[in-house]
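The values are calculated or read from the model by the stated rules, or taken from the named source; none is laboratory data. Just so it is clear, the model here is predicted, and its values are computed rather than measured. Cβ sites come from the backbone with ideal geometry, for glycine too, and all protein chains shown count toward neighbours.
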Amino acid sequence: MPTSTVNMHEAKTHFSKLVQKVEQGEEVIIARAGKPTVKLVLIEPGEPQTHVRFVKSANATTNNIKVPLVADSAAPTPPRKRRIGVLDGMFAVPDDFDTMFEKEIDEMFYGPSEEAK
């Protein structure tokens, strides 16, 4: 199996070509500062896939670089559907809901009213 090593800049620039090489059976290694860091491999059919979430780095020097945060061993779960009306009829909203405790709240912010003095 032929092997090729590329630097990080070349990998970013020609990523789709590198993927094609891997699909053709070639081994591709990506190096950072001349040191081998990552190996691109082909996922075999039926092999469990790992999903990686990415976040922006907090490091000021690499602010625009995304780094892996967490690797999940299973596919992300889809959001659950919301059930509308599930609590219908189980409680009642008072008619004065919008003005409840209005005096008390005003007193907390503005002090006792003239009527209370």
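Tabulated results
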{"item": "Matching residues, the stretch 100-117, being exposed (fewer than 10 other Cβ atoms within 10 Å of the Cβ) and either hydroxyl-bearing (Ser, Thr, Tyr) or not in a loop (DSSP other than H, G, I, E, B) (or both)", "result": "Glu104, Met108, Phe109, Tyr110"}
{"item": "Close pairs (6 angstrom Cβ cut-off, 6 or more residues apart or separate chains): touching a residue at least 12 places away in the same chain (Cβ under 8 Å) and closer than 21 Å to Pro45 by Cβ in the stretch 8-32, of a type outside the set (Lys, Arg) and in a helix (DSSP H, G or I) anywhere", "result": "Val28/Leu18; Val28/Val22"}
{"item": "Residue that is farthest from Thr77 (Cα to Cα) [pool: residues in the stretch 20-50 that are assigned to a strand (DSSP E or B) and of a type outside the set (A, V, I, L, M, F, W, C)]", "result": "Lys35"}
{"item": "Condition met for Phe54 (surrounded by 10 or more Cβ atoms within 10 Å (Cβ to Cβ), among the aromatic types (Phe, Trp, Tyr) and at pLDDT below 85)", "result": "yes"}
{"item": "Residue within the stretch 70-86 that is under 30 Å from Asn7 (Cβ atoms), exposed (fewer than 10 other Cβ atoms within 10 Å of the Cβ), at pLDDT below 90 and not basic (Lys, Arg) present", "result": "yes"}
{"item": "Any hit, the stretch 11-19, residues being part of a strand (DSSP E or B) and either at pLDDT below 90 or under 25 Å from the mean Cα position of the chain (by Cα) (or both)", "result": "no"}
